[in-house]
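The values are calculated or read from the model by the stated rules, or taken from the named source; none is laboratory data. Being a predicted model, the structure only gives us computed values, none of them experimental. We place every Cβ from the backbone using ideal geometry, glycine too, and count neighbours over all the protein chains shown. Heads up: the accessible areas ignore ligands, DNA and RNA and are worked out on the full protein's heavy atoms, side chains in. Shrake-Rupley method; radii C 1.70, N 1.55, O 1.52, S 1.80 Å.
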Amino acid sequence: MQSLEQKASQPSASHDAKAEQILAAAREVFLELGYAATSMDQVAQQARVSKTTLYTRFPSKEELYTAVISAECERRGLKFAPEMFDDLPLRDILVQVGRRFVDLIWSEAAIRVHQSVAGEATRMPLAAQLYFRAGPEQGIANFVALFTRLAQRGVIATDDPTFVARQFLAALQGGSYCQLVLGLCPQPTEEERYAFVDKAIDLFLHGVAPATR
């Protein structure tokens, strides 16, 4: 039987092969050039498809850019249904989604996109808006839905699951994340990433107050 993480990493069968080919090419072009400097012609050339084929599936650069970001989030398992975790203990749920989140935001590709968007934000605010809507905003919504379900089931005690979800994600943007974004440290290994996630989750769950006797 496949694990939840294995299932989440598999591409959706609803994506046609040509669209996947275009998304893979667009991902490389956007990573290399950024949003502003990328043209649809360059993407079509990189994907080895006609412009008609490209525009049939992605009518604008804006839609293509958001599709690339959305596809990366899906590939990393961050488009999940909250009920898929109903049979797991709380810590196991947080470890699974926490690892997926850190695997994404600490990845070389995500770091490069973040750097590019931050650099373009002042002169190209549209790029920042598109990035936020397709990536962070949607990701936050998914985690809010998860923590809302956990609260409804009595797994956690909170009257503000939105705040809890945002604080959980904020906790996972500590560690090496700032240095990674600034190019000041090498990529952590998987072992180092997951050790950080475990420690962050334990702190999130238990805090720093001494245990009561």
Of residues in the stretch 193-213 being open to solvent by 70 Å² or more (accessible area, probe 1.4 Å) and free of Cβ contacts under 8 Å to residues at least 12 places away in the same chain, the one nearest to PRO89 (Cα to Cα): HIS206
Within the stretch 180-202, count every residue that is in a helix (DSSP H, G or I) and touching a helix residue (DSSP H, G or I) at 6+ places or on another chain (Cβ under 9 Å). 11
Counting only residues that are surrounded by fewer than 14 Cβ atoms within 10 Å (Cβ to Cβ) and of a type in the set (A, V, I, L, M, F, W, C), which one in the stretch 1-23 is modelled with the highest pLDDT? ALA17
Go through the stretch 168-192 and give me each residue that's open to solvent by less than 30 Å² (accessible area, probe 1.4 Å) and among the small types (Gly, Ala, Ser). GLY174
Qualifying positions in the stretch 96-116 - buried (at least 17 other Cβ atoms within 10 Å of the Cβ), in contact (Cβ under 8 Å) with a residue 60 or more places away in the chain and either part of a helix (DSSP H, G or I) or touching a Phe, Trp or Tyr at 6+ places or on another chain (Cβ under 6 Å) (or both): GLN96, GLY98, ARG99, ARG100, PHE101, VAL102, ASP103, ILE105, ILE111, VAL113, HIS114, SER116
For GLY119, indicate whether it is in contact with a helix residue (DSSP H, G or I) (Cβ under 6 Å, 6 or more places away or on another chain) and touching a residue at least 12 places away in the same chain (Cβ under 8 Å). no
Among the residues listed as PRO59, PRO89, PRO136, the single one being closer than 28 Å to LEU182 by Cβ and open to solvent by 30 Å² or more (accessible area, probe 1.4 Å): PRO136
Tally up the residues in the stretch 61-76 that are in a helix (DSSP H, G or I) and closer than 21 Å to GLN96 by Cβ, please. 6
Does LYS79 satisfy being in a loop (DSSP other than H, G, I, E, B) and surrounded by fewer than 18 Cβ atoms within 10 Å (Cβ to Cβ)? yes
Just give me the residues in the stretch 39-80 being hydroxyl-bearing (Ser, Thr, Tyr) and within 22 Å of the chain's Cα centre (by Cα), in sequence order. TYR65, THR66, SER70
